[in-house]
Each structure stands twice: as C-alpha cells, then as structure tokens.
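Quick notes on the structure that follows.
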There are 2 protein chains.
Amino acid sequence: MPTIATRRDGVETRQAIIDAALDLFAARGFEGASTRQIAQQAAVTQPALSYHFDGKEELWRAAVGALFDRLGESIARRLKGLAGVDDRTVATLMVRHFVEFSAVNPQLHRIIMQESTQPGPRLDWLVTTYVRPLYASAVEILERLRGGAPLPATSAAHLYYLLTGAGATVFVMAPECERLTGVDPFEPTFITAHADLVVEMIVASVTQEQP
Amino acid sequence: MPTIATRRDGVETRQAIIDAALDLFAARGFEGASTRQIAQQAAVTQPALSYHFDGKEELWRAAVGALFDRLGESIARRLKGLAGVDDRTVATLMVRHFVEFSAVNPQLHRIIMQESTQPGPRLDWLVTTYVRPLYASAVEILERLRGGAPLPATSAAHLYYLLTGAGATVFVMAPECERLTGVDPFEPTFITAHADLVVEMIVASVTQEQP
DNA sequence: GTCTATAATTAGATAGAC
DNA sequence: GTCTATCTAATTATAGAC
C-alpha cells in the first residue's frame with residue numbers, strides 16, 4: 001500500500017516540523033528562529049518546510065494552533081472527571097491544572113509572551129483565535145472561586161495576569177532559574193509546590209478583590 | 001568650542017541609539033531587532049551604530065547595562081528616604097517600588113524574559129552581571145517580610161518568580177492586555193491597584209511559606 | 001562624528017530532478 | 001514527498017569621503 005505509507009510519512013514529517021518549530025519559535029521568537037534551524041532540528045531539509053506549510057508565517061500558525069489544541073484537550077479531559085464536584089473545588093483544581101500544564105508545555109507562554117510585547121497581525125490573530133476564549137474560561141473560574149460573584153473588567157485583568165504571571169513565569173524562564181537559584185523548576189516536587197503556592201495565592205487574592 | 005560641542009553631540013547620539021535599541025530589543029528580541037530599525041528609530045544611519053558600539057552584541061550590552069543602572073539608581077534613591085523605618089515597612093515599600101518600576105520600564109523584564117527562554121552567552125552575562133545581585137536583594141527583602149527568618153533556596157526561588165511574574169507580566173504583555181481586556185495597564189490607577197494586589201499577595205505568601 | 005557606498009553573509013522562497 | 005541547487009532580498013559590518 002504505497003498510498004497509505006506515503007501519506008503516513010508525510011503526516012509524521014509534518015509533526016516533526018511542528019515540534020521543532022514550537023521549540024525554536026518559543027526559544028528565539030518568530031524572527032529569531034530561522035527555517036533552516038527548524039528544518040535541521042526536525043531532521044529534514046529546508047525546502048521541505050515550504051512543501052508542508054505555505055511560508056514561515058503559516059508554519060508558525062500551525063505550530064501555535066497545535067499547542068493550543070493540546071491545552072484545550074487537556075482541560076476538557078481534566079473537566080470530564082469532575083462531574084458533580086462543587087464549584088470552588090473545580091476552580092482550584094483548574095488553577096492547579098493550568099500551572100502544571102504550563103510546566104509541561106513552557107512553549108505556550110513563551111510564544112504568547114514573545115508576541116505580546118508588540119502589536120502586530122500575529123498578536124491580533126493569537127488573541128482573537130485562542131487567547132480570548134482562554135481568558136473567558138479563566139474569568140469564569142475566578143468568579144467561581146469568589147462564590148459566583150461577577151468580576152469587574154479591571155479586576156479580571158488584574159487577576160488574570162496575576163495568575164498567569166505567577167503560575168507560568170518560573171517555567172518560561174527556566175534556564176535563568178537554574179543559573180540564578182540552582183533550582184530546576186521542572187522537578188516534579190517543585191512543580192507541585194509551585195502549584196500549591198499559586199492556588200493559595202489566587203484564592204486569597206480573589207476573595208480580597210471587591211471594589 | 002568645537003571640541004565640547006562635538007563631544008556633546010556624540011553623547012546625545014549615543015543615548016538616542018541606546019533608547020531606540022532598548023525599545024526594539026525588548027519588543028522583538030536580539031535577533032528580531034535589526035540594526036537598521038534601531039538606527040532609523042534613533043534618527044541616525046546604520047553605520048553610526050558601528051562607530052559608537054563595537055557590533056550588535058556590544059550595543060545590546062550597553063543598552064541593557066543602562067537599563068539596570070537606571071533600576072539600581074531608582075532603588076538607591078528610594079532607600080535614601082527610608083532611614084529609621086522598620087524592616088517590614090521598608091520591605092513592602094520596596095515591593096511596591098519594584099512593581100511601579102516595572103510599569104514605567106517594561107523593557108527591563110521584556111529583555112530578561114527574551115533571553116531567559118534559552119541558554120546562551122547573553123543569558124550567562126545577564127545573570128552574573130545584573131540579575132544575581134538583584135536576586136540577592138529580593139531575597140533579603142522577602143526575608144525581612146518574614147521578620148528576618150532565613151529562606152531556604154527552593155522557597156526563595158518560588159517566591160522570587162511569584163513576585164516578578166505577578167508584578168511584571170501585565171506590563172510586559174501590555175499590548176495583549178489592551179486587546180484582550182480593553183484595559184490599559186499603564187493607567188496610573190491600574191498601576192497603583194496592581195502594586196497593592198502584589199504587595200498583599202507576596203506578604204501573604206511569604207508568611208505562609210515555611211517548610 | 002556622520003555620511004554614502006558596498007562587501008560578505010544569511011535569510012525565506014522557488015525550480016526541477018528523482 | 002523529499003532532495004540539490006539556486007534566486008532574491010535582507011542582514012551585519014566595513015571602506016572611505018566629508
């Protein structure tokens with residue numbers, strides 16, 4: 001069956017390119033990551049990228065999309081096991097899940113941070129396509145933590161960046177953390193302890209914030 | 001006095017180049033920012049950069065150094081007015097000062113984040129030259145907040161990235177914040193409220209953390 | 001101290017063989 | 001579907017006039 005074999009090879013190559021692209025875009029930014037480096041890490045030649053993706057920008061979109069899909073599926077899987085659990089417990093477990101996902105997939109926040117420092121079409125696409133729904137979910141979780149009370153827009157912004165900043169930064173900056181503190185933030189015990197700290201912090205901040 | 005006039009012009013040009021370099025390195029990363037863009041924003045021609053700085057890397061070091069010097073002077077100025085104040089109050093005021101500096105100078109954490117996502121000589125230089133002393137000061141402040149009790153290395157790492165992540169992320173990602181939430185994080189009222197939130201959060205987390 | 005002109009390298013994208 | 005070879009444009013750095 002040459003057709004199936006050929007098609008499967010293509011899918012695998014495509015996936016290898018996406019994985020390499022995620023690592024390099026996250027580490028060096030869109031302009032900083034060259035298509036040659038991505039091809040080398042994926043163990044293909046550079047023109048192979050042009051065959052599978054219509055240009056560097058479309059490769060970036062495909063890679064970022066795959067990562068957000070991973071997050072969406074991860075959240076959906078986690079929620080499935082929480083039927084009948086009370087709102088506050090679900091909310092704290094989702095905060096914990098978010099921190100742990102950020103530890104396992106530091107590329108997500110690295111890419112969001114890279115693109116969020118300056119306006120541009122990639123940031124607009126990122127916000128409208130993926131970040132806005134994520135933000136809505138986060139605000140909903142924060143409101144559940146308050147016992148259902150709605151959050152004003154400004155408080156929501158404060159708490160969202162408090163949560164994402166406190167939860168993800170140490171993993172985004174893992175290479176610095178190791179050099180600076182001697183601690184490897186990807187150690188399972190560190191991840192768990194950090195999630196604990198962030199959960200307690202956000203619960204305290206949410207119940208405090210009532211303008 | 002042609003000598004003085006000439007020399008002063010050179011100093012001003014050098015400063016204009018550094019200011020432009022800070023903005024562009026912070027927004028687009030080291031590889032992403034081109035020397036032509038920096039020259040254009042500084043209103044000089046591209047070879048002028050080679051005259052004032054020995055290559056792109058040295059320009060980056062000079063710009064980053066100027067920014068950290070600004071932070072150091074800002075901290076020193078703030079500490080001068082706090083003679084005779086008790087440790088806990090000094091510590092909370094320093095946390096607040098840090099958040100406010102991050103709001104006025106978002107380039108600082110943008111550049112640190114850009115370089116901290118991957119190992120390399122620029123990260124090593126950044127950590128040994130500037131971030132390590134800053135980390136030592138931050139740990140000292142956190143210990144004062146605990147009433148003088150020393151912090152274990154792991155707890156220090158947790159709290160440092162909790163503080164810097166929660167305090168700076170919303171300003172680092174200001175363009176996203178505006179598009180996502182409709183809130184401008186550089187509004188003075190937002191900055192003050194965010195500093196309040198971070199101070200309360202870090203005080204609560206510090207007194208909680210005792211393994 | 002700053003400019004124009006340009007060298008040398010590297011980038012992303014394409015042509016065409018297999 | 002993947003390769004080698006190559007094109008065009010953009011990059012950093014330098015030479016030399018003023």
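Quick note: the coordinates plus some simple rules give every number you see, no bench work behind them. Remember, predicted model here, so these are calculated numbers, not experimental data. Note that each Cβ is placed from the backbone with ideal geometry, even for glycine, and that neighbours are counted across all protein chains shown.
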Quiz prompt | Inter-label distance for B:Q41 and A:E178, nm, one decimal - labels placed 7 Å from Cα along Cα-to-Cβ | solution = 3.1
Practice problem: With θ set to phi - 60°, apply the Karplus curve 6.51 cos²θ - 1.76 cosθ + 1.60 along the range B:78-84 and write out the HN-Hα couplings as whole Hz, x wherever there is a Gly or Pro. | Solution: 5, 5, 4, x, 10, 5, x
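Output the relative contact order of chain B, whole-number percent, from Cα pairs under 8 angstrom with separation of 6+ residues.
Relative CO of chain B lands at 21 percent.
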Quiz item: Once Lys and Arg get +1 and Asp and Glu get -1 on their Cβ, which of B:Q46, B:H194, B:F30 lies farthest toward the positive end of the dipole of chain B?
Solution: B:Q46
Quiz item: Listed highest first by mean packing, meaning other Cβ atoms within 10 Å per residue, what order do A:26-33, A:84-91 come in?
Solution: A:26-33, A:84-91
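Determine the shielding of peptide A:131-144 by partner chains: average, over its residues, the number of Cβ atoms on other chains within 10 angstrom of each Cβ.
Mean partner shielding for this stretch: 1.
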Practice problem: Could you list the residues of the range A:128-164 with an amide nitrogen less than 11 Å from a label point located 7 Å from the Cα of B:T189 in the Cα-to-C-beta direction? | Solution: A:154
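Taking every residue in A:190-197, how many Cβ atoms of other protein chains lie within 10 Å of its Cβ, on average? All intermediate terms of the calculation are to be shown ahead of the outcome.
Details: counts 3, 0, 0, 6, 5, 0, 3, 8.
Taking the mean over all residues of the peptide, I get 3.
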Exercise. Using only Cα atoms, find the angle between the long axis of helix A:132-145 and the longest principal axis of chain A, and express it within 0 to 90 degrees, rounded to the nearest 10.
Key: 30
Exercise. Could you state the angle between the C-alpha long axis of helix B:2-32 and the longest principal axis of the C-alpha atoms of chain B, as a value from 0 to 90 degrees rounded to the nearest 10?
Key: 60
